[in-house]
Structures are given as C-alpha cells and as structure tokens.
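Below is one structure, written out as structure tokens, with a few remarks after it.
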Amino acid sequence: MKKLSLKSKIFTIFFSIFTFTAFSTGLLSCMSTPVMPEKSSATQLIQLGQDAAELGNYKAAEAYYLETIRRYGVDTAIYIETRYELGHLYLNQKKYDQAYTSFNEILEIYANAEYGSVPGSFKKLSQIGLERIPEKYTGK
C-alpha cells in the first residue's frame, strides 16, 4: 500500500471538509425555502406543511400553512384547520405564546360561530393543545 504524503493527506482532509460543507449548505438552503406550487389545493398545502414538520423543517411547514391561509383563509373550515396546524407546530417547537394565540383564536371562532357551521373536531383538539401549554404562557 502506497503512503500518502503530508500534502496529499492535508488536501484529502480539506477536500472532504469542503465537500461536506457544500453539501450541507445546499441541503439546508433547500429545506428553508419551500416551493409553493401554484395550483395546489388547501389540502395539498396543508399536507406539504405536515410533511415538512415531520422532517423537522419547521420554517417550511410554517410557510406552507401561512400560504394556505393567504390563499384559502376566507373558508372558515380551512382557516381553522390551518390555524390548528400552526398551533400544533408552535407547540412542538415550544413557542408557547404563538401556540396559545393560535389555539385561543380557534376557540373564539367556535364561541362566536353558529352551531354546526364549523367542523367540531378542531375545537376539542385546540382545547387539548391549550392544556399542553405551561400556565405561565396562558395568563392563568
């Protein structure tokens, strides 16, 4: 087996570090800037957000959810579902103030909505989300 010179070893180490850094930077830049498909439905955007959140790409998940609200937020059911997803995302990141705001807003919508006019499941899920937030963030 041929021995490498000190210069070759240094070059090999430098090249390995450079390659790893370039790959990591490229991967992270892709993760932070999601592509917003133009003709995606609310369901598709929410699913993209959930997929990003599962991969730990919280910035992308938040961007997908906010885009869903921007495009489809006039539909109360979609707005509630997306706000719940945002609240859940914030809760998982321990951004308790933002999670509290999301869950509380959903409960206010339910309090002011005509019975049966909005899907019932997110009311209970938001109550459960609020219960998971430490008291110092809820003003209790």
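The values are calculated or read from the model by the stated rules, or taken from the named source; none is laboratory data. Bear in mind that the values here come from a model prediction, so they are computed numbers and not experimental data. With ideal geometry, Cβ positions are generated from the backbone for all residues, glycine too; neighbour counts draw on all protein chains shown. Surface accessibility is based on the protein's heavy atoms, side chains included, excluding ligands, DNA and RNA. Shrake-Rupley method; radii C 1.70, N 1.55, O 1.52, S 1.80 Å.
Here are a few things to note about the model shown:
- Listed by first and then second residue, the pairs linking a residue in the stretch 55-75 that is β-branched (V, I, T) to a residue that is part of a helix (DSSP H, G or I) and open to solvent by less than 60 Å² (accessible area, probe 1.4 Å), with Cβ atoms under 6 Å apart and 6 or more places separating them unless they lie on different chains, are T68/A42; T68/L45; T68/I46; T68/T82; I69/T82.
Let's see how each residue does on (1) open to solvent by 70 Å² or more (accessible area, probe 1.4 Å); (2) in a helix (DSSP H, G or I); (3) farther than 19 Å from E105 by Cβ; (4) at pLDDT 95 or above:
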position	(1), (2), (3), (4)
K2	yes, no, yes, no
V35	yes, no, yes, no
L45	no, yes, yes, yes
A63	no, yes, yes, yes
L66	yes, yes, no, yes
R70	yes, yes, no, yes
I78	no, yes, no, yes
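- Filtered residues of the stretch 125-134 (kept if open to solvent by 70 Å² or more (accessible area, probe 1.4 Å) and either outside any helix (DSSP H, G or I) or modelled with pLDDT under 90 (or both)): R132
- Exactly one residue out of S117, S24 is open to solvent by 70 Å² or more (accessible area, probe 1.4 Å), modelled with pLDDT under 95 and over 17 Å from the mean Cα position of the chain (by Cα): that is S117.
- Qualifying residue in the stretch 50-59 (condition: surrounded by fewer than 18 Cβ atoms within 10 Å (Cβ to Cβ), on the phi > 0 side of the Ramachandran plot and either part of a helix (DSSP H, G or I) or at pLDDT 95 or above (or both)): yes
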